[in-house]
Structures are given as structure tokens and as C-alpha cells.
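> Pasting a structure below so you can have a look.
The values are calculated or read from the model by the stated rules, or taken from the named source; none is laboratory data. It should be emphasised that the depicted structure is a prediction, and the values quoted were computed from it without experimental measurement. We place every Cβ from the backbone using ideal geometry, glycine too, and count neighbours over all the protein chains shown.
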Amino acid sequence: MTASGRPPLNRRLAEFGTTVFAEMSALAVRTGAINLGQGFPDTDGPESVREAAVRALRDGRGNQYPPGPGVPELRAAIAEHQRRFHGLTFDPDTEVLVTAGATEAIAATLLALLEPGDEVIAFEPYYDSYAACVAMAGAVRVPVTLRAPRFRPDLDALRDAVTPRTRLLLLNSPHNPTGTVLTRDELAAIAELAVERDLLVVTDEVYEHLVFDGEHIPLISLPGMRDRTVSISSAGKTFSFTGWKVGWVTASAPLVTAVRTAKQYLTFVSAGPFQYAVAEALRLPDEYFTAFREDLRAKRDLLVDGLAEAGFEVHRPQGTYFVTTDVAPLGEKDGLAFCRSLPERCGVVAVPNAVFHDDVDAGRTQVRFAFCKREDVLREAVARLRTLNTARGRGTDAPR
Ligand SMILES: Cc1ncc(COP(=O)(O)O)c(C=O)c1O
């Protein structure tokens, strides 16, 4: 507080405290619990990619400010990746922008494209930076809820949410935390709406290589979307180097120019040597991407089955490395309270979905677990979670 009694944090950010990931990860460290809360892998990505970063550092590539839009090698590799996996063509000089992770790409895009008072529609539960970035831009978020058990988008609700003030749709597929992967029909309906109402669309595709059922279709590939979509992705999830924070935007030249204008005053540039390494990563053979997905598919199945056996209602994800569960069958009424008590009760950390919701009731008893962990860690977590039900059974059956 200053002498005037005014709090230091401005009104736009007043509702955003410490992120739940920080709280839960701190809890994991304090209690020594297995952290299935935050979505980071417990093993690093390919050795060859790590070596590429070391080489770049040693060779003095990227140790000084790299070019604002990103090093040409990486921009070329991003354009090649978009062509190889999605059949999309981008000019690496004008239609690709390297950012400090997808997080900066989202922030720069929203700061660049929004006027104060503009409305942004996003499916909730949403990744926590969306609401904060919309607020920083002085815009207004309008949630459309993905509801259990199927978490499909309600396209009528989406249409009804559009007003004359709506400027853009902010989409995430594969979707964190529900694991929903939008189908071609759903994307076509969204594209049609965007064209009809002249909306911009921002697509967060950081889990594009983690689709187990269905396929990842970039919205920007649909008719009418090439010039109104900002497509965002990142190396963190695909190559298991979340600490490097190398992300990117691919879009039409005017949109990339707009995003770059905001981005240059956020970080200007970042991750110099890592940019060269990610350029190599993006050119890994198809086998890398397939093996990565299949590894995570096996882990998904292990955790999904284990959670079901432990008494959770499990919503099997089609993509991402998260699984949303419902803890109501365990007799729990509140996911946040459940997650706060879980490390003490059985030595596991998870994240409550309610924190990703404006409509808190819609996610009140939902809890998210990450399965981007070693198999032995997941097995141990499952064994620990099973004791919840046993303890509960004992508690219920015991004579009073
Ligand atoms: C949906 C979604 N978008 C963006 C990010 C952040 O990506 P990055 O680490 O590249 O900033 C995450 C990370 O968890 C995410 O889940």
C-alpha cells in the first residue's frame, strides 16, 4: 500500500494471485510428494538436441541478441515443420515469429490485437495465462464452458456468445486440461462463425504432437482462416525442454507484423542458443514424433487405468499429457480442498480444474493429473492414490 492506501497491483490484475502451479509445486517440494500437478516432463528431451544447444553456446551462436523475429535457421525450420506436418506454407521472413515460449506468443498476440473493451471468447476451463493476458490488454473475457463428461464445445453457446464487441476467439486444441481435440466438423463450424462475424482467431497448439485419438488439424488450414488466424506453438512440450521457452507464431504477414510490434517491447528476443537447437529438433525424423506420442499414449493408459481403479471418475483425454478426473465418487465435494490435502494424505500433487474456470461450479469436483512422468513414477503415484479408497473404505466401514 502507498500512503494513499492504493494497493500496488493495478485493478486489471487484482484477481490474479500466485498461480496454482506455483502453490502446488511448492507443496510437492515441502512434502516430498510426487508432482503430477505442473505439466513438465521429468526426463529431458533428445540428447542430440541438448548437444545442439551446447554446440551453439560454444560456437558463439546466439550468445548475443539474436534477430528480433528469431534466427533465420529456426524460422526456416518452423516453416518446414508447418509444411511437413500440416501442408501449410509460410514465408519464414514475414510469416513466422519466434517468441519466448507460447506464453509470450499469447501475451504479445492479445496485446497487439485487442483494444480495451474488446471481447475475447475462449472455451473454459482455460490455460491460466489467457485470462491474465486478456486483462492486461484491458479486454473482456467471455467463457464458453466445456462440460463433463464429453467436454465437446457447445457450438450454439459459442454462436450466442458473439456480440458486436467480440474481437477474437482464443482456442486451444488439443485442450489443456480436458484433453479434448477439436474435430474437423467442430473446427469447420468455428471457422464459419469467424468468417460470418469477421472475428480473428488465436489457436494455441502447443500439444499438436500429442494426439492419441483423432487428428490435429490447424484451424488456419480451413477455408477463410488463413488471414484471420494466429497459430501458436512451442518446443517445450514436443521436445521436452520446457525450460528453454522457445515458441512461435505463424500467421499472415500483417498479423505477424502486429504481434512482433508488441513482442519487441516484451522480451525483444530470448533463448539465443536454444533457437539453433530447436531448429534441429524440428527437423528430427518422423520416428521421433511417433515414438514421443506412443510413449505418452502408454503413460496415459497407465494413469487413466490406475486412477479408475483408485476410484476416480476418469475422462480419458484424446490429446495433451493431462487427464481430468472427477473426485466426487471418492466422496469429495471440492477439488481445491482435495488437492491441498492430497500430498499429506497420500503423497501426490494434482491441480484443481476449478482454477481454470469462471464458472467454478462447472469444474468444482474436477482434478487434473499430468502423465508426462517416468513410468515408475506413475506406477508409484497410482499405488499411493489407491490407498485413498482403502482409507475411505476403512473409514466408512469402521464402527463408530
Ligand atoms: C495450453 C498451453 N498453452 C501454453 C503453454 C505454455 O507454453 P510455453 O511453455 O511454451 O510458454 C502451456 C504450458 O503448460 C499450455 O498448457
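> Evaluate the following for Thr103: is it more than 30 Å from Ala135 (Cβ to Cβ) and either surrounded by 22 or more Cβ atoms within 10 Å (Cβ to Cβ) or of a type in the set (Ser, Thr, Tyr) (or both)?
No; evaluated as a whole, the condition is false for this residue.
> Being part of a helix (DSSP H, G or I), closer than 17 Å to Ala251 by Cβ and either within 16 Å of the ligand (Cβ to nearest atom) or touching a helix residue (DSSP H, G or I) at 6+ places or on another chain (Cβ under 7 Å) (or both) is the filter here; which residues of segment 191-225 pass it?
Ala191, Leu219, Ser221
> Shifting gears a bit: Checking the structure you have, find out if any residue of segment 22-37 is touching a Phe, Trp or Tyr at 6+ places or on another chain (Cβ under 7 Å) and touching a residue at least 12 places away in the same chain (Cβ under 8 Å).
The answer is yes; a qualifying residue exists.
> Kindly indicate whether Lys333 is in contact (Cβ under 8 Å) with a residue 12 or more places away in the chain, part of a loop (DSSP other than H, G, I, E, B) and of a type in the set (Lys, Arg).
Taking the combined requirement at face value, the residue satisfies it.
> In addition: Could you figure out which of (1) surrounded by 13 or more Cβ atoms within 10 Å (Cβ to Cβ); (2) in contact with a Ser or Thr (Cβ under 9 Å, 6 or more places away or on another chain) isn't true of Phe21?
Unmet for Phe21, out of (1) surrounded by 13 or more Cβ atoms within 10 Å (Cβ to Cβ); (2) in contact with a Ser or Thr (Cβ under 9 Å, 6 or more places away or on another chain): (2).
> Sticking with this one: May I ask you to say which residue of Ser231, Ser252 is within 28 Å of Arg167 (Cα to Cα) and touching a strand residue (DSSP E or B) at 6+ places or on another chain (Cβ under 8 Å)?
Ser231 is the lone residue from the list that is within 28 Å of Arg167 (Cα to Cα) and touching a strand residue (DSSP E or B) at 6+ places or on another chain (Cβ under 8 Å).
> Does Leu284 meet the test of being in contact (Cβ under 8 Å) with a residue 24 or more places away in the chain, buried (at least 20 other Cβ atoms within 10 Å of the Cβ) and more than 16 Å from the ligand (Cβ to nearest atom)?
No: the conditions fail for Leu284.
For (1) farther than 21 Å from Phe40 by Cβ; (2) buried (at least 23 other Cβ atoms within 10 Å of the Cβ); (3) at pLDDT 95 or above, each residue gets a yes or a no:
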residue: Cys346; (1), (2), (3): yes, no, no
residue: Ala350; (1), (2), (3): no, yes, yes
residue: Val355; (1), (2), (3): no, no, no
residue: Arg368; (1), (2), (3): no, yes, yes
residue: Ala383; (1), (2), (3): yes, no, yes
residue: Gly393; (1), (2), (3): yes, no, no
residue: Arg400; (1), (2), (3): yes, no, no
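> Could I ask something else about it? Just give me the residues in segment 57-100 being assigned to a loop (DSSP other than H, G, I, E, B) and of a type in the set (Gly, Ala, Ser), in sequence order.
Selection gives Gly60, Gly62, Gly68, Gly70, Gly87.
> Looking for something touching a Leu at 6+ places or on another chain (Cβ under 7 Å) and surrounded by fewer than 21 Cβ atoms within 10 Å (Cβ to Cβ) - is there at least one such residue anywhere in segment 51-65?
Yes, there is a match, as at least one residue in segment 51-65 is touching a Leu at 6+ places or on another chain (Cβ under 7 Å) and surrounded by fewer than 21 Cβ atoms within 10 Å (Cβ to Cβ).
> Could you say whether any residue in segment 236-246 is more than 16 Å from the ligand (Cβ to nearest atom) and out of contact with any strand residue (DSSP E or B) (no Cβ under 7 Å at 6 or more places or on another chain)?
no
> Among the residues of segment 86-93, is any without any contact (Cβ under 8 Å) to a residue 12 or more places away in the chain, closer than 30 Å to Pro273 by Cβ and more than 11 Å from the ligand (Cβ to nearest atom)?
Checked against the condition, which is being without any contact (Cβ under 8 Å) to a residue 12 or more places away in the chain, closer than 30 Å to Pro273 by Cβ and more than 11 Å from the ligand (Cβ to nearest atom), segment 86-93 yields at least one hit.
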